[in-house]
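Participant: My questions all concern the structure below.
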Amino acid sequence: MRTWLPLVIVVMLITLGLWFTESPPDQLMGKRPTQQEHNRAADLIIRGARTRHYDVNGNLAYEVDAERVTFFQFARRDRADLTEPRMMFYQGEDSRWRTESRSGVAYNNGQRVVLKGDVSIKELPGPGITLRTPKIEIRPREEFAETDKVVTITDGPNLTTGKGLRADLKQDKVEILSDVESRYEVR
């Protein structure tokens, strides 16, 4: 019995030390987080997330994948912070548009998605047009995108820039709102 006692004490001390270093000091003191602190805490974090969304007829409408999704549930709405999100929109069986960005935020169960940081929207199959902007709002279920930021559209050697954009991805219709400048290369 005496040979086990030192081993048990060492294991208990290691366990207590690990518990102390992993536990927030406020919780050790019996303090509870305020409601505001509790509301800021993530409800769910998913790494390597991939979701598929279908239209009313059961056809694949779009896919979203991201390196990380941090989901927050609030009293009247929800929000998901996306790290390196990619969205693929389909028309029938074919992929039609692909979006990429550094980060994004999805609101109200993905009804509205704001993409930020080197946003690109590419027409598929390539080499179709590519839209680039620092920030854009997408309504995935409607396949509609808009921004008030500067947009650059390339189509092969042709380049168009402007401020503000409305894009109906379902109808392949893009409208630049102001300050439009284009450069076309004649072959």
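Participant: Taking the Cβ of Gly48 as the centre, find all other residues whose Cβ is under 9 Å away and add up their charges (Lys, Arg: +1; Asp, Glu: -1). Mind showing how you got there, number by number?
Facilitator: Details: positive: Arg47, Arg50, Arg68; negative: Asp65, Glu67.
Surrounding charge for Gly48 is +1.
Participant: If you look for lysine pairs in the chain that are eight or more places apart or on different chains, how many of them have Cα atoms under 30 Å apart?
Facilitator: The result is 18.
Participant: Show the residues, 5+ positions off or on another chain, whose built amide H is closer than 5 Å to the amide H of Asp78.
Facilitator: Under 5 Å from the amide H of Asp78: Asn108, Asn109.
Participant: Kindly express, to the nearest 10 degrees and within the range 0 to 90, the angle between helix 4-22's C-alpha long axis and the longest C-alpha principal axis of the chain.
Facilitator: 40
Participant: Also: How many nm is it between the label spots at His53 and Asp118, if each spot is 7 Å from the Cα in line with the beta carbon?
Facilitator: Between His53 and Asp118, the label points sit 2.5 nm apart.
Participant: Sticking with this structure for a sec: Can you tell me the order of 133-142, 46-55 when each peptide is scored by its average per-residue count of other Cβ atoms within 10 angstrom, highest first?
Facilitator: Listed from highest to lowest mean packing, they are 133-142, 46-55.
Participant: Of (1) 1.46; (2) 0.93; (3) 1.52, which one was derived for Cα Rg over 2.2 N^0.38 Å from the structure shown?
Facilitator: Computed from the coordinates, Cα Rg over 2.2 N^0.38 Å corresponds to (3).
Participant: Once phi is turned into θ = phi - 60°, what whole-Hz ³J(HN,Hα) does the Karplus curve with 6.51, -1.76 and 1.60 give for every residue of segment 52-69, x standing for Gly and Pro?
Facilitator: 10, 10, 10, 7, 5, 8, x, 8, 4, 9, 7, 10, 10, 9, 8, 5, 8, 10
Participant: Determine, for Val113, Val174, the number of other Cβ atoms within 10 Å of each Cβ, and report the residues in order from fewest to most.
Facilitator: Taking fewest neighbouring Cβ atoms as first place, the list is Val174, Val113.
Laboratory data are not the source of any read-out in this text; all were calculated from the coordinates shown. Every value quoted in this text rests on a predicted model; they were computed, and no experiment measured them. Cβ atoms come from the backbone with ideal geometry, glycine included; neighbour counts cover every protein chain shown.
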